[in-house]
Amino acid sequence: MSATSDPNGADGGTDGGADLEWATRLAVEVQRLGLSTADAVVSRFVRLVGDFGADRVDRGGSETDGSGRVRMVADDSAYRRLQADLERALEGYLRLLRELHETALPLLGRTDDGSATDGSGRLELPQVRPGGSSSGRVWLHNTSAAEAHALRPWTPGLCTHSGAAIEPGHVTFDPPLVPTLPIDESAALLVMVSAPPDAAPGVYHGVLLVENLPEQSMPLAVEVVAQVAPR
Amino acid sequence: MSSRCPAEPYRGLSHYGSLAAEECRRQLRTSGDASYLTPLLDDYPSRGGKGLRPSICLGTCEAFGGTAAAALPSAASIELLHNAFLVHDDIEDASLLRRGRPTLHRCWGTPLALNAGDGLALVAMSTLGANGELLGARLSSLVMREFEFMSRQTVSGQALELGWRMDNRLDLDADDYLDLIMRKTCWYTTVLPLRVGALIGSWGTADLDPLVAFGFHLGAAFQIRDDILNLTGDVSRYGKEPLGDLLEGKRTLMLLHLAAAADSSDRSWLECYLDGERQDRRLEEATELYELMRRYGSIAFAESFASGMAEAARISMEHAFAGLPDTPAREFVGSLIPYMIERDA
């Protein structure tokens, strides 16, 4: 560090002892010194933070591809914002998939006769507004010793404790029919409930049945709400 | 540089600081109730600080187009980590006062205070856990990476300063000093809050490199002003013991300037003074050291240096915030530049 003060001065300059010329010279020299060294420090740390964990996290900025070439789009801010929007959408989609998966988890039962769960599970669909739809997944596992045929899921409808109802036609299945389910194989069923526009708020209960599986049934519930809670 | 009305930074600090303080309290409440720990965890945060770091984070997030709510866990985490650092710093420096009251280790003893510092750091890290749900996996991992890099810089800077004192190093120049404060102060006080705020506000699209320069200049101005206040500030407002840095032998810009500018006789006296332990130094000697700094212009040097840093901060902010709309949040961040060198607490 260079000495920029005047030790013979009566006072360092903080309380009026130094003359204006000395103070001005000091300020200019100090600030020149400060800025030039600061630039070097900043450059060093920009490099450091850029290198830190670069192999672990891709933040979508300037980067190289597998061949070491810099992607032409790396500095295009419109592209990066689009990329960020797509990632947000993807994360939302993945969250939805996780919710579907979590909904299906209780239903992953193994049965003895090539059919749906053992009945202890319950399919509880996400909340839905009137006019909207809600869905969940059910698995059929054939752990029996024989092939199963013509498995057609259906429901007699859902109703609330006070008698409000969602008719069977508002509950659909994809696929609507599983023609054949070989031994030790599984089939996924997507259950979708479309709440009528005039559906009264409340928890609707029903039961999921499958033709040709006389011993099996599964409780089904969906709540119709005026406003869906944010996820 | 033109001076701005201090009402603007103070209004912003009050607004953002209170949001972060409430989130800190909530996080501390959820960490449970443990004997010999909970009262210590609550102590420093309840003394009320400036809320500078979380305010920079929240203000920058809004300036870059985000909401304060999105950055709130990160901002609270910064503040809790700051309090953790303070607890340990006070032990390392044998400080007597913090925010106008006895330091935590003086109230509870060093072992419990050390443990509370660890506890605050853990609560700070767990506070970041909320980011997964709030920001998604990718963005929250980027924020975590920023915290990890900052933590490494902070502890390495603190080690450097303590090592310099242990070895009684005085052969240091401006580059050494700036490198030190970049690590131990600037990164967690200004650079991290700016970068994390911009990351969240832009949903990961902002160019963070220019924020290193802005944060460094802003943080350097803050640190140098802090060192000056330790010598000249009103203890009732500054909250630390007068001349504490001189008693500790802290390598401030003023001290390094004095070591370079002093004649051989004064330099010998200085080396002898710094060679001792803190408990061996008397207030009269620290006062004599302060007088030497005044006589050699070390304080004027530091004030001028800080003004240069503030001017550099103004220029680098224009680059770092280029293209952003002129919002109250952006104005608040800009108002912190004059605040850094004019504040008295």
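Derivation of every value follows stated rules applied to the coordinates shown; laboratory data play no part. Given the structure is predicted, the values throughout are model-derived calculations rather than measurements. Neighbour counts are summed over all protein chains in view; Cβ atoms, including those assigned to glycine, are modelled from backbone coordinates with ideal geometry.
Here are a few things to note about the model shown:
- The long axis of helix B:68-92 is offset from the longest Cα principal axis of chain B by roughly 20 degrees.
- Positive-end residue, chain B charge dipole about Cα centroid, Cβ charges, pick of B:THR189, B:LEU247, B:LEU270: B:THR189
- Nearest-ten-degree value, helix B:298-320 long axis tilted from longest Cα axis of chain B: 20 degrees
- In terms of packing, defined here as the mean over residues of other Cβ atoms within 10 angstrom, the peptides B:193-204, A:173-184, B:79-90, A:126-137 line up highest first as B:193-204, B:79-90, A:126-137, A:173-184.
- For chain B, relative contact order (Cα pairs under 8 Å, six or more residues apart, normalised by length) works out to 23 percent.
- Over all other residues within a Cβ to Cβ distance under 12 Å of B:TRP187, the charged ones net out to +2, with Lys and Arg as +1 and Asp and Glu as -1.
- Local electrostatic count at B:GLY119 - Lys and Arg +1, Asp and Glu -1, tallied over other residues with Cβ under 12 Å: -3
- Positive-end residue, chain B charge dipole about Cα centroid, Cβ charges, pick of B:LEU13, B:HIS217, B:GLN279: B:LEU13
- Positive-pole candidate from B:VAL333, B:LEU58, B:LEU231, dipole of region B:7-336, charges at beta carbon: B:LEU58
- Dipole magnitude for region B:51-150: computed about the Cα centre from +1 point charges on Lys and Arg Cβ and -1 point charges on Asp and Glu Cβ, it is near 200 debye.
- Rounded if a/c under 1.5, otherwise prolate or oblate - region B:166-238, Cα gyration tensor axes: oblate
- Charge dipole magnitude, Cβ of K and R +1, D and E -1 - region B:7-336, Cα centre, debye nearest 20: 920 debye
- Amide H contacts of A:ILE166: A:LEU158, A:CYS159, each under 5 Å away and 5 or more positions distant or on a separate chain (H built 1.01 Å from N in the peptide plane; Pro and chain starts excluded).
- Folded to 0 to 90 degrees: helix B:328-342 orientation relative to chain B principal axis, Cα: 10 degrees
- Number of partner chain Cβ atoms within 10 Å, mean per residue of B:144-154: 3
- Given in Å, the Rg to one decimal and the Dmax to the nearest whole number for the Cα atoms of chain B are 19.9, 63.
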